[in-house]
Amino acid sequence: MNVGRAFVYMVQQPGGLGKILIGGLLLFVPIIGWALVAGYFVRTLREVSLGGEKLPEWTDFGDLLVKGLIVWVGSLLYQLPGFLFSRGGDFSALGSLWGLVVFVVLPAALIRFAVTDNFGAFFDFSEIFSFIQENLNNYVMALVLSLVAWFLSLFGFILLLLGIVFTFFWASLVMAHLYGSVYAAREVEQANA
């Protein structure tokens, strides 16, 4: 797993900055734009999980929208128990604990969805937990580095209020690469076994 590559691959390819610009601009468009960006995240994750790292084209917006909405629904279903545990917004230890569970498990569910293109993969917990266990070192590294990417994306807010949408989109591409790399490394290890 090439960790450093995840942070720069998107700007080292032809048209990469333009694709980041499109993604950042779409984040200014509530709901539809956000769903398109979530669909692009899934498409990028899938590309990397298959061993590539070329940023996908901004095409087939219907597919991006559908995939993005599926990601939202899956993520919302994961987070729903945490909302219920927190009693509609009040702080509770159980709600916080559930948030930690979601932080650890949801990325594996996103990987499974991106690879299978099947909504049910979000809830195939035996496969999800098996994937996490079999790839624990790379998976934990990807989670930690995803936090680093989100932290770095805050500099867009510091530098220029509007810049955060571009750095936020950049961070999502870093995460897509990290998560896809965990899957791709698994495939390579299984092929060599």
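Are there any pairs, at least 6 apart or on different chains, whose C-beta atoms fall under 7 Å, with the first in segment 51-62 and over 12 Å from Phe41 (Cα atoms) and the second aliphatic (A, V, I, L, M), and if so, which?
Qualifying pairs under 7 Å: Gly51/Ala184; Phe61/Leu36.
Counting only residues that are in contact with a Pro (Cβ under 7 Å, 6 or more places away or on another chain) and modelled with pLDDT under 95, give me the helices (runs of 4 or more DSSP H) lying completely in segment 61-152 with at least 1 of them.
Once the helices (runs of 4 or more DSSP H) in segment 61-152 are filtered for at least 1 residues that are in contact with a Pro (Cβ under 7 Å, 6 or more places away or on another chain) and modelled with pLDDT under 95, what remains is 93-116.
State whether one or more residues within segment 22-33 are farther than 28 Å from Arg5 by Cβ, assigned to a helix (DSSP H, G or I) and within 15 Å of the chain's Cα centre (by Cα).
Checked against the condition, which is being farther than 28 Å from Arg5 by Cβ, assigned to a helix (DSSP H, G or I) and within 15 Å of the chain's Cα centre (by Cα), segment 22-33 yields no hits at all.
When you scan segment 97-148, how many residues do you find that are among the polar types (S, T, N, Q) and without any contact (Cβ under 8 Å) to a residue 12 or more places away in the chain?
The total comes to 6.
Going by the conditions given, is Val105 of a type in the set (Val, Ile, Thr), within 21 Å of Val3 (Cα to Cα), surrounded by 14 or more Cβ atoms within 10 Å (Cβ to Cβ) and touching a helix residue (DSSP H, G or I) at 6+ places or on another chain (Cβ under 7 Å)?
In short, yes.
Across segment 93-128, what is the number of residues that are closer than 20 Å to Val42 by Cα and not acidic (Asp, Glu)?
23
For segment 49-60, how many residues meet the condition of being farther than 21 Å from Leu36 by Cβ and either assigned to a helix (DSSP H, G or I) or aliphatic (A, V, I, L, M) (or both)?
So the answer is 1.
The values are calculated or read from the model by the stated rules, or taken from the named source; none is laboratory data. Just so it is clear, the model here is predicted, and its values are computed rather than measured. Methodologically, a virtual Cβ is constructed for each residue, glycine included, from the backbone with ideal geometry; neighbour enumeration extends over all protein chains shown.
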